[in-house]
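To start, the structure itself, in structure tokens.
The values are calculated or read from the model by the stated rules, or taken from the named source; none is laboratory data. All of these numbers come straight from a predicted model, not from anything done at the bench. With ideal geometry, Cβ positions are generated from the backbone for all residues, glycine too; neighbour counts draw on all protein chains shown.
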Amino acid sequence: MALGIIVSFVLVALIVILAILALVSIRKKTNKKTIFLASLIAIALLALVLVPSSFRTVETGEVAVVKHLGLAKEVKTPGTYFSFWLTNTYEFYDTKVQNVDISTAAYSSDAQTMNIQMTLQYQVMNDKVLNVANQYGSLETLQNRIQSIAIEKTKSILSSYKAMDIIADRASMSPAVETAIINAVGEEYFVNIVAVVLTNIDFSDAFEQAVEDKMIAEQAKLKAEYENETIIAQAAAEAEAKLKEAQAEIEIAKAKAEALKIAAEAEADANGILDDSLTEKILQQIYLEKWNGELPDVMTGNDNTSIMIPFEEKE
């Protein structure tokens with residue numbers, strides 16, 4: 001385009017110069033020179049009409065389909081070209097990643113209505129632009145077709161899930177929808193699907209309120225269960241503490257009983273040893289050591305008869 005403007009300025013300057021020379025020639029009445037200059041001016045005017053408009057520039061990030069008398073013949077990559085504008089036309093195709101914002105309504109498997117906003121990104125295959133031009137006529141027509149496929153596949157995927165499942169597992173919905181769209185947009189569409197993202201899923205106000213109420217009820221239930229578990233845990237801890245205390249007291253009692261048993265057994269053993277050691281002679285010796293020298297008043301004989309023995313009174 002810039003080159004065409006430059007050529008236009010050059011041709012205009014040339015025409016002005018030729019016009020000045022023609023005026024001078026007319027004043028001098030040199031008819032042949034005037035006719036020649038007039039012919040040059042005519043040629044320059046024709047060139048001004050035809051040449052600048054025949055320069056075409058294809059910018060970076062796009063390609064151009066060249067149609068000769070309406071028939072798509074070739075594809076031009078970024079650069080500047082001279083192509084006669086009366087017979088050749090240029091249709092430009094953006095080869096950068098395209099963003100398409102899509103809004104549509106859909107239904108879940110349990111017949112809940114939802115409004116979906118999604119973004120689809122695609123890119124035209126550079127080497128297939130001529131096919132796009134021949135089969136679809138324009139990038140806009142192709143994009144509309146891809147958008148229709150995206151809506152159809154999105155509805156199909158989401159309709160297989162219940163509304164609560166969509167809410168609970170919303171993060172996995174975009175990959176599933178993206179896979180379905182990529183598989184549906186095959187080679188016949190001559191584009192690469194870059195990404196599909198579900199940006200928002202809105203359910204009806206009534207359903208949203210029902211979900212909110214359910215969540216509140218579940219939270220209250222969880223709170224009650226937690227409080228019950230806390231009470232049970234505290235009661236169990238107290239019972240365990242009391243059990244340990246009772247077990248400790250039992251162990252102490254057992255220890256005391258065992259100590260008493262051991263003491264009793266020791267005493268019994270000592271008495272046994274003592275009994276075994278007390279012979280008749282030892283008993284007599286102990287008796288004599290403790291006897292005060294007085295005889296008893298009554299003595300028993302072998303026939304168990306008692307004999308009273310009088311003792312003289314001491315003076």
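Give, as residue ranges, the strands (runs of 3 or more DSSP E) completely inside the stretch 75-165 that count at least 2 residues that are under 30 Å from ILE5 (Cβ atoms).
Qualifying strands (runs of 3 or more DSSP E): 79-82, 88-94.
Being in contact with a strand residue (DSSP E or B) (Cβ under 6 Å, 6 or more places away or on another chain), closer than 22 Å to THR95 by Cβ and not hydrophobic (A, V, I, L, M, F, W, C) is the filter here; which residues of the stretch 148-194 pass it?
Those that are in contact with a strand residue (DSSP E or B) (Cβ under 6 Å, 6 or more places away or on another chain), closer than 22 Å to THR95 by Cβ and not hydrophobic (A, V, I, L, M, F, W, C): GLU178, ASN192.
With the condition kept exactly as written, say whether any residue in the stretch 18-26 is closer than 28 Å to GLN121 by Cα and at pLDDT below 85.
No, because not a single residue in the stretch 18-26 is closer than 28 Å to GLN121 by Cα and at pLDDT below 85.
Per-residue answers, yes or no, for (1) farther than 30 Å from ILE151 by Cα; (2) modelled with pLDDT of 70 or more; (3) among the aliphatic types (A, V, I, L, M):
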| position | (1), (2), (3) |
| --- | --- |
| GLU208 | no, no, no |
| LYS223 | yes, yes, no |
| ALA237 | yes, yes, yes |
| VAL298 | yes, no, yes |
| SER306 | yes, no, no |
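Any residue in the stretch 59-71 that's touching a residue at least 60 places away in the same chain (Cβ under 8 Å) and at positive phi: show its pairings with residues that are surrounded by fewer than 16 Cβ atoms within 10 Å (Cβ to Cβ) and part of a strand (DSSP E or B) at Cβ separation under 8 Å, as long as the two are six or more apart or on different chains.
Hits for this filter: zero, empty list.
Based on what the data block shows, is SER108 buried (at least 17 other Cβ atoms within 10 Å of the Cβ) and either touching a Phe, Trp or Tyr at 6+ places or on another chain (Cβ under 6 Å) or in the same structural domain as ILE193 (by TED's automatic domain parsing) (or both)?
For SER108, the condition - buried (at least 17 other Cβ atoms within 10 Å of the Cβ) and either touching a Phe, Trp or Tyr at 6+ places or on another chain (Cβ under 6 Å) or in the same structural domain as ILE193 (by TED's automatic domain parsing) (or both) - is met.
Table: residues versus (1) over 22 Å from the mean Cα position of the chain (by Cα); (2) buried (at least 18 other Cβ atoms within 10 Å of the Cβ); (3) closer than 21 Å to ASN99 by Cβ.
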| site | (1), (2), (3) |
| --- | --- |
| VAL129 | yes, yes, yes |
| LEU158 | no, yes, no |
| ILE166 | no, yes, no |
| THR179 | no, no, yes |
| VAL185 | yes, yes, yes |
| VAL191 | yes, yes, yes |
| ALA195 | no, no, yes |
| SER204 | yes, no, no |
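Would you mind stating whether ALA195 is assigned by TED's automatic domain parsing to the domain that holds ASN134, touching a residue at least 40 places away in the same chain (Cβ under 8 Å), closer than 28 Å to ALA106 by Cβ and not β-branched (Val, Ile, Thr)?
Yes: the conditions hold for ALA195.
Name the residues in the stretch 31-74 that are outside any helix (DSSP H, G or I) and more than 30 Å from ASN131 (Cβ to Cβ), would you?
Across the stretch 31-74, the qualifying residue is only VAL51.
For the stretch 33-53, enumerate the residues that are buried (at least 18 other Cβ atoms within 10 Å of the Cβ) and polar (S, T, N, Q).
Selection gives THR34 alone.
Can you find a residue in the stretch 91-98 that is exposed (fewer than 13 other Cβ atoms within 10 Å of the Cβ) and within 44 Å of the chain's Cα centre (by Cα)?
Within the stretch 91-98, one or more residues are exposed (fewer than 13 other Cβ atoms within 10 Å of the Cβ) and within 44 Å of the chain's Cα centre (by Cα).
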